[in-house]
1. With equal scatterers on the alpha carbons only and no solvent term, can you work out the Debye log10 of I(q)/I(0) for the range 1-64 at 0.22, 0.24 1/Å?
2. If I compute solvent accessible area with a 1.4 Å probe over the protein chains, what percent of it on the chain is carbon and sulfur?
3. Go through ILE106, GLY95, ALA44 and say which Cα lies farthest out towards the positive end of the charge dipole of the chain; charges sit on Cβ, +1 for Lys and Arg, -1 for Asp and Glu.
4. Count charges around ARG18 for me, please; just the other residues with Cβ under 14 Å from its Cβ, Lys/Arg as +1, Asp/Glu as -1.
5. Report which label in (i) 62; (ii) 58; (iii) 68 holds the value of percent of Cα pairs over 17 Å apart derived from the coordinates of this structure.
6. Filter the chain for me: DSSP H helices, axial length by Cα at least 15 angstrom, mean Kyte-Doolittle hydropathy not below 0.5. List them by residue number.
7. Between ILE59, ILE113, ILE101, where does the largest GNM mean-square fluctuation fall for the chain, given springs only between Cα atoms within less than 10 Å?
8. Please give the charge dipole size of the chain, origin at the Cα centre, charges +1 on K and R Cβ atoms and -1 on D and E Cβ atoms. Round to the nearest 20 debye.
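The values are calculated or read from the model by the stated rules, or taken from the named source; none is laboratory data. Since the model is a prediction, treat every value here as computed from it, not as a measurement. Note that we place each Cβ from the backbone using ideal geometry, even for glycine, and neighbour counts take in every protein chain shown. Accessible surface areas use protein heavy atoms only, side chains included; no ligands, DNA or RNA. Shrake-Rupley method; radii C 1.70, N 1.55, O 1.52, S 1.80 Å.
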Amino acid sequence: MQIYVIQKKLGSRKELGRHPVTLTRQSPTLSVLLQDLTFLGLTAAQAHPGITALEEEEIATQATEGRIKFADRYGKNRDTLDKAMQRTQQAFDDGLFRVFINGEEITSWDAAINMTEGDEVVFLRLTMLTGLYFFF
């Protein structure tokens, strides 16, 4: 089943990225969906891309996302799936991102979801504001 993962930042209507993702199984809950997406992201982060020059099409695509990255990676990702899943669940529990499936917010880690071909999953990244205000 192919879905579309969309990344957004709070306060901006612009998408940070829209990526088609092929899932090999039906995800009955949000936690299973996030586990599948975390696994795909982890394997992509640990894959060695080799040294290649960027093509004009890749530069144009990355420019629409707001930054152009080199293909080289200077560090190795040695995370395990368990460690990555712990970080994903902690970030969800701490409210660092929100998940919307076809415009409906999913607020519970174990919420049941029903996904079909072509559904859009939006990850809204929330940023913490800091300041020098102290309340007594």
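1. Relative scattering, expressed as log10 I(q)/I(0), comes to -1.13, -1.17.
2. Of the solvent-accessible surface of the chain, carbon and sulfur hold 54 percent.
3. Farthest towards the positive end: GLY95.
4. Taking every other residue near ARG18 into account, the sum is 0.
5. For percent of Cα pairs over 17 Å apart, the calculated option is (iii).
6. Once both thresholds are applied, what remains is 30-46.
7. So, out of ILE59, ILE113, ILE101, the one fluctuating most is ILE59.
8. 480
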